[in-house]
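Asks: Got a structure here, written out as structure tokens. Questions coming.
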Amino acid sequence: MAFGILAQLCMEGAAAQEVKEVIQFYQEAGLPYTLKHMGINGLTHAQWNQLGEGTVTIEDMANMPFKVTPDMVIKAVKQADYIGNEMLSLKHA
């Protein structure tokens with residue numbers, strides 16, 4: 001759920017700084033903020049597509065203020081993971 005919030009923020013066009021502030025809280029609370037934290041490593045193209053297609057069928061997606069497409073989901077997850085990995089590298093620097 002925690003990582004999903006990051007992806008949703010990215011999908012909604014939140015500034016990277018806002019996402020980083022949430023990640024800082026996650027770091028303090030010990031919550032996952034990268035795909036690797038959740039044990040997800042190296043998704044194939046087919047797996048990314050499956051993620052996007054499956055996510056848009058979730059009932060809660062109807063509550064979004066815009067139509068969500070599989071490509072939007074994939075892009076948002078990748079963006080959230082990218083920002084999370086940036087924060088992870090800063091934490092270990």
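The values are calculated or read from the model by the stated rules, or taken from the named source; none is laboratory data. Because the structure is a prediction, the values reported are computed rather than measured. Positions of Cβ are backbone-derived with ideal geometry, glycine not excepted, and every protein chain shown enters the neighbour counts. Just the protein is used for accessible areas: all its heavy atoms, side chains included, with ligands, DNA and RNA removed. Shrake-Rupley method; radii C 1.70, N 1.55, O 1.52, S 1.80 Å.
Asks: Which pairs have Cβ atoms under 8 Å, sit 6 or more apart or on different chains, and link a residue in the stretch 2-19 that is open to solvent by 40 Å² or more (accessible area, probe 1.4 Å) to one that is modelled with pLDDT of 95 or more and part of a helix (DSSP H, G or I)?
Replies: So the pair list comes out as 5/22; 8/76; 16/83; 18/9.
Asks: How many residues does the stretch 23-60 contain that are open to solvent by 40 Å² or more (accessible area, probe 1.4 Å), under 22 Å from residue 91 (Cβ atoms) and in a helix (DSSP H, G or I)?
Replies: Summing the residues that are open to solvent by 40 Å² or more (accessible area, probe 1.4 Å), under 22 Å from residue 91 (Cβ atoms) and in a helix (DSSP H, G or I) in the stretch 23-60 gives 8.
Asks: Right, here's the next one. Does any residue in the stretch 67-93 that is charged (D, E, K, R) come within less than 6 Å, Cβ to Cβ, of a residue that is modelled with pLDDT of 95 or more and open to solvent by less than 50 Å² (accessible area, probe 1.4 Å) six or more places away or on a different chain, and which pairs are these?
Replies: From residues that are charged (D, E, K, R), the pairs are 81/34; 81/35.
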